[in-house]
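One structure is given here, and the rest of the page talks about it.
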Amino acid sequence: MDKPHRSAVMAPEPDSREALGSQREITDWAGVERELARSLEEHVKIGLTVDTPNGTRRLRGFVTVINTYLKEIKLREEDDWQWIRFEDIRAVHI
């Protein structure tokens, strides 16, 4: 009797909405992660859309620190800086 290949057993079913939703979220985060790293390494100014207690807000500046342990970035704006949690980032714009 043949056993199914391990990857076939672990792959999500095509009609599973939860599995497809999480795949899309991971793909989107990969793009955000790439742009944050680019801002840090190449000193490129980025725009962020972030969630705040008062709604969403757009910020513009340079990423100066990416703290993967605490899951946050330090964004330097014109004359100020702030820590932004990964979970609050909705979009990145160059």
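No value in this document is a laboratory result; all are computed from the given coordinates. These numbers were taken from a predicted model, which means no experiment stands behind them. Using ideal geometry, Cβ is built from the backbone for each residue, glycine included, and neighbour counts are taken over all protein chains shown.
Please give the residues of segment 69-94, grouped as numeric ranges, whose backbone N is less than 14 Å from a label point set 7 Å along the Cα-to-Cβ vector of Ala37. Nothing falls inside the zone, counting backbone N under 14 Å. Between Thr56 and Asp80, the modelled labels are 2.1 nm apart [label points 7 Å from Cα along Cα→Cβ]. Among the trypsin sites (Lys or Arg not before Pro) in segment 32-90, those placed in a DSSP loop whose Cβ has at most 15 other Cβ atoms within 10 Å are Lys45, Lys71. Across segment 33-94, the convex hull enclosing all Cα atoms gives 79 Å³ per residue.
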